[in-house]
Amino acid sequence: MLRSIVKSLIFNQSVLPHTPVGPSAISALQTRNIYYDRNTSQPHTHPEALKRYFRLRWGGWIRARPGFKRHLWRKPFWLRWWASQHIFVKKEECEILERMIAPKYKKSRYFVDDIYEPYHKRTNFDTCPPGRSRVSSSWVKTAQENL
Amino acid sequence: MGFSVAEKALHILRYMPRVTAKNSLTSPIHPRRRIYPRGQYARGGRLHYPNKHYTQYQLFPPAGFVNDPKSSSLWFMKVPVTNYYKDVLHRRQYPHFSLYSIQLSIDLGNLDPNEPIDLTSICRCSNFRLNPSDNHNGVQLTDPGLDLFSSQINIEVQYASEQVIAAIERNGGVITTAYYDIGSVIALTDPKKFFAKGEPIPKRLLPPPDCIDYYINPKNRGYLADPEEIAKERLKLAQKYGYTLPDLTKDPKFKMLSLRKDPRQVFFGLEPGWVVNLKDKEILKPVDVAWKEFYNN
């Protein structure tokens, strides 16, 4: 109860116009199946998803294009450039990935000379717009960091 | 020399292994019998009953599961492997602290510009959190609040970009980049907690090979660089960014601005090997020559 009140307060503070998303049956089902290890009680990570995707600090995910290192000999230079770029994951897939990877890997990390550092910040606003996924609370953390 | 055969045999026997329950053989009188499984484990157990499908357990399928046996590969397996998280858990982290937040905490009174600022005083600020167990090895200064920064400070951080160095030296300040190993970072983050342990102050280690070039370079104001070359680089940076470098020798704060830590020193005014007793308010120093040699070298 208290948590929902606090969440709604933070929602109202956002500068951007926001349409509140009510608790729907589908979103409630999606949030449920996070599985934990029986022995260690640690949340599961899918090892194959961990190799292929990268989570940004604001809750977005990036991946490489399929076939970016195949048939390079017959691709022209612009296609080679196009295939080499990393792209954002769809919103529906993001919601699944949030549940496939443990929060240990979703922590915000700060390295020196990090190539992903400019992409970790989504906008030049002080607060990040809240995401639709109820699993992720990354935008709350980013809002606190930028204050 | 001159031992009899019996003495030699006794000498060998003295060092032979003793007879214990571990190294003794099974008894021929009571040989170990095979234990047959009983109950549900007998005659192959539940091998004849196949495993349940996930739908028979009342569970939701795991995330990313595709209930389509015809699909050759899953949607997340079609993406090529790029190991983003390969060494993420093991790399040294340096949390951000902007020039804006330094100016803010000076204005609020959390940081004192009349004293040299190091990792301990930055950790006291409420808007900075450093957790050594998360592999946080220090602080890196970032550029937000570059233009509004206006205070003369003597600061020591672990990493700073070129424009940040220029912003501090434009106001007559001094910046050094220094390396601390994780043991001394733990001591620096919470000194009161560290002194309560009763351990001596650790010897600060030299930087590892992947970052030693950064701390030798006078362009980065490294703590292992030659001070004469740093003075030249200060002048070069002032010409590059177009500001007049103030003369520090005529400054009233010159004594504070020229304060630096020794490469083996962790705290200001304290040497490695000393034990600080907070309860009786006294400092215990090592007397033994071996300990003195260990901490001074």
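Being exposed (fewer than 10 other Cβ atoms within 10 Å of the Cβ), within 14 Å of chain A (Cβ to nearest Cβ) and more than 30 Å from residue A:67 (Cα to Cα) is a property that holds for residue B:55. Mind listing whichever residues of the stretch B:71-107 are within 14 Å of chain A (Cβ to nearest Cβ) and not in a loop (DSSP other than H, G, I, E, B)? If the condition is that a residue be within 14 Å of chain A (Cβ to nearest Cβ) and not in a loop (DSSP other than H, G, I, E, B), then B:93, B:96, B:97, B:98, B:100, B:101, B:104, B:105 are the ones that fit.
Inspect all residues belonging to the stretch B:213-223 and state whether any of them is hydrophobic (A, V, I, L, M, F, W, C) and touching a residue at least 12 places away in the same chain (Cβ under 8 Å). No, because not a single residue in the stretch B:213-223 is hydrophobic (A, V, I, L, M, F, W, C) and touching a residue at least 12 places away in the same chain (Cβ under 8 Å).
Within the stretch B:13-39, residues that are of a type in the set (S, T, N, Q) sit with their Cβ atoms under 7 Å from residues that are surrounded by fewer than 10 Cβ atoms within 10 Å (Cβ to Cβ), at 6+ positions apart or across chains, in these pairs: B:23/B:17; B:26/B:32.
For residue A:107, the stated conditions hold: it is within 30 Å of residue A:37 (Cβ to Cβ) and within 8 Å of another protein chain (Cβ to nearest Cβ). Between B:21, B:63, which is more than 14 Å from chain A (Cβ to nearest Cβ) and either out of contact with any Leu (no Cβ under 7 Å at 6 or more places or on another chain) or of a type in the set (Asp, Glu) (or both)? The match here is B:21.
Considering the stretch B:264-278, the residues that are out of contact with any helix residue (DSSP H, G or I) (no Cβ under 9 Å at 6 or more places or on another chain) and not hydrophobic (A, V, I, L, M, F, W, C) include one that is nearest to residue B:152 (Cα to Cα), namely B:269. Every condition in (1) closer than 30 Å to residue B:199 by Cα; (2) in a helix (DSSP H, G or I) holds for residue B:255 except the one numbered (1). Residues in the stretch A:76-94 that are hydrophobic (A, V, I, L, M, F, W, C), within 14 Å of chain B (Cβ to nearest Cβ), surrounded by 12 or more Cβ atoms within 10 Å (Cβ to Cβ) and out of contact with any helix residue (DSSP H, G or I) (no Cβ under 8 Å at 6 or more places or on another chain): A:83, A:88, A:94.
Of all residues in the stretch A:55-75, those satisfying the criterion of being at the interface with chain B (Cβ under 9 Å from one of its Cβ atoms) and either more than 21 Å from the chain's Cα centre (by Cα) or among the small types (Gly, Ala, Ser) (or both) are A:64, A:67, A:68, A:69, A:70. For residue B:45, the stated conditions do not hold, so it cannot be described as under 30 Å from residue A:66 (Cβ atoms) and either surrounded by 10 or more Cβ atoms within 10 Å (Cβ to Cβ) or touching a His at 6+ places or on another chain (Cβ under 9 Å) (or both).
Please indicate, with yes or no, whether at least one residue in the stretch B:1-13 is under 47 Å from the mean Cα position of the chain (by Cα) and in a loop (DSSP other than H, G, I, E, B). No, that holds for no residue.
Evaluating residue A:37 against the criteria (1) surrounded by fewer than 12 Cβ atoms within 10 Å (Cβ to Cβ); (2) touching a strand residue (DSSP E or B) at 6+ places or on another chain (Cβ under 9 Å); (3) among the charged types (D, E, K, R); (4) within 11 Å of chain B (Cβ to nearest Cβ) leaves one unmet condition, (4).
Candidates are the residues of the stretch B:241-285 that are touching a residue at least 60 places away in the same chain (Cβ under 8 Å) and of a type in the set (Lys, Arg); the one that is nearest to residue B:187 (Cα to Cα) is B:264.
Summed over the stretch B:14-41, the residues that are of a type in the set (S, T, N, Q) and either touching a strand residue (DSSP E or B) at 6+ places or on another chain (Cβ under 7 Å) or assigned to a helix (DSSP H, G or I) (or both) give a count of 1.
Total residues in the stretch B:235-254 satisfying the condition of being among the charged types (D, E, K, R) and at pLDDT below 95: the figure is 4. Residues in the stretch B:190-218 that are under 30 Å from residue B:234 (Cα atoms) and not charged (D, E, K, R): B:205, B:206, B:207, B:208, B:209, B:211, B:212, B:214, B:215, B:216, B:217, B:218.
The values are calculated or read from the model by the stated rules, or taken from the named source; none is laboratory data. Not measured: the values here are computed from a predicted model. Please note: Cβ atoms are built from the backbone with ideal geometry, for glycine as well, and neighbour counts cover all protein chains shown.
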